[in-house]
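Here's the structure, in structure tokens; my notes come after.
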Amino acid sequence: MEEIYLYGAGINCYGVIKFIGKDHIIAIVDNSDSKVGLEMEGIKIISFKEFLKCYHDEPVIISAYHARNEIGKQLNESGVHNCVAAPYMQKGYYESYEEMMFCFEIDKFDNLYIYGENFFSKNFLNVLTLHNKEQIVKGFIRDAKYNLTDYQGMPVLSLKEVPLQANILLMSEVQSEMDREILNKNPLQFHILNMYEAKIRKHQELLKFKNIYKGKRCFIIGNGPSLTVEDLNILKENNEICFGSNWIIKLFQQTKWRPDYYVIVDYNFMRIMPRNMLTSDGNRMITFHADTFQKDIEDDDFTYTYQSIVYEKEKIRFSGDIVSGVYSALTVTYDMLQIAAFMGFSEIYLLGVDCSNGSSHFYQTDTNATKKLEQSTVLDETGWKRQYDAWRTGYGKAEEYSRRHDFRIYNATRGGELEIFERVDFDSLFIK
């Protein structure tokens, strides 16, 4: 395998590293000064300036997902053209090229055309060869980078030249307006296999949670700076049904309160979280976790997986069926809202959901203790603005959905900037 660079040390980069392996990754490039000099999975993070000094036409995988177009433009304007944007690989993606072959049922094809000549397509062709399947590939389809007439002995065609009913495997995002028009004009003209779409998993085991709390109320606990142990103790004293997430465990030594349901979407935390966490009564907490690429958590009677649907602002939804998936809005609170709604709660109260600063929590993060990116959670201004925008988009969808489906979401947080949901006074909820 060729030596390569990754560009973008965000959450999607973990999935890219897992998919391709880290042995041949030279470095990870990132534009954020706060990340340069740190390590990610033991791989050094360098600046774009340093990258240009070292670059010798090695392939570059744009591992950042949401900023992929801007990074692609930056690379092209700097004379770096041997690059390809990665799919969203951090959640729900294929574990390997072999799994992709299995899910796409490659064995059934005898006329496969690959769209895109890049790092992914080269390695996929190598895997097909290892499995004696290379003969099913009849040609490559010219994308914006092609100037060849043949590739590894196979013809390179324009999309117009591909025969009808052919199987087309997209291993590059379609940039050409003409190609998009051809592919969208008549979806029955070709059989499209898209590397950029995660496989769909349905988690039928989650049906057991549907409407189990019909007509009851619950509290979703955020990790904002307003959260206090005193409020958690009130919830404990009143036997309220609660959801907690990620680093809420930092308060466990200060209170007997425990969430009834614990939700994890933070990949960094998932790698180091304690296993078999107990409630105050000595029982296991029921845990939900997003189906991240890394299979670090085994499902059992107390641990459940859901498919996390990648965040795209223009496609954001509020899922009424967590069996089919939970939409991301770049905050675990949004995941918890969808799970709670599926369980049938008629009143959902938010506590500690300040929505006021992307890197501010009830706990402090020591970003100087290690050179590992996994311990650095500080967002720069651009990152915080994007995250805040995602939160507001998601919460707006949740409010709309709740009013249409006869349940309500209230904000019982003490302060903060979240005004999308109706405010209620936390203390007034416990007046006898």
Cross-link reach from K160 to aspartates and glutamates, straight Cα distance under 18 Å and at least 8 residues apart if same chain, gives E117, D143, D150, E173, E177, D179, E181
For the residue pair N233 and K160, what label-to-label distance in nm results when each label sits 7 Å from Cα along the Cα-to-beta-carbon direction?
7.6 nm
Name the residues whose placed amide hydrogens come within less than 5 Å of the amide hydrogen of E173, ignoring near sequence neighbours (fewer than 5 apart) on the same chain.
A85
How charged is the neighbourhood of I420? Take every other residue with its Cβ under 11 Å from the Cβ of I420, and add Lys/Arg as +1 and Asp/Glu as -1.
-2
Once phi is turned into θ = phi - 60°, what whole-Hz ³J(HN,Hα) does the Karplus curve with 6.51, -1.76 and 1.60 give for every residue of the range 421-428, x standing for Gly and Pro?
9, 4, 7, 9, 7, 3, 4, 5
Can you list residues from other chains, or at least 5 along the same chain, whose modelled amide H is less than 5 Å from the amide H of V326?
Q307, S308, I309
Rounded to the nearest 20 debye, dipole of the range 32-79 from Cβ charges on Lys, Arg, Asp, Glu:
100 debye
In terms of modelled amide H atoms, which long-range or inter-chain residues lie less than 5 Å from the amide H of M40?
I45, L373
Please rank V265, V84, V323, fewest neighbouring Cβ atoms within 10 Å first, as an exposure proxy.
V323, V84, V265
In whole Å, largest first, the alpha carbons of the range 1-154 cover along the principal axes 49, 33, 25
Could you sort 120-130, 47-57, 11-21, 165-175 so that the peptide with the highest average Cβ count within 10 Å comes first and the rest follow in order?
11-21, 165-175, 120-130, 47-57
Using a 10 Å cut-off on Cβ atoms, rank the peptides 402-410, 387-395 from the highest mean neighbour count down.
387-395, 402-410
Output ³J(HN,Hα) for the range 42-54: one whole-Hz value per residue in order, computed from phi by the Karplus curve 6.51 cos²θ - 1.76 cosθ + 1.60 with θ = phi - 60°, and x for Gly and Pro.
x, 9, 6, 9, 10, 7, 5, 5, 5, 4, 4, 5, 9
What list do you get for I248, I28, I4 if you sort them by fewest beta carbons within 10 Å?
I4, I248, I28
Here the equivalent ellipsoid of the range 97-194, derived from its Cα gyration tensor, has semi-axes (largest first, whole Å) of 20, 16, 12
At a threshold of 8 angstrom on Cα-Cα distance, excluding pairs fewer than six apart, so keeping six or more, what relative contact order does the range 4-85 reach in percent?
34 percent
Just for the range 97-194, what percent of DSSP beta bridges are antiparallel, to the closest 5?
10 percent
If E177, E240, E417 are placed from fewest to most neighbouring beta carbons inside 10 Å, the sequence is E177, E417, E240
Could you tell me whether the range 147-209 comes out rounded, prolate or oblate from its Cα gyration tensor? Rule is a ≥ b ≥ c as square roots of the eigenvalues, rounded for a/c under 1.5, then prolate if a/b exceeds b/c, otherwise oblate.
prolate
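Every number here is computed from the coordinates shown, using simple stated rules; none is lab data. This is a predicted model, so every value here is computed, not measured. Because the Cβ atoms are built from the backbone with ideal geometry, glycine has one as well, and the counts that use them run over all protein chains shown.
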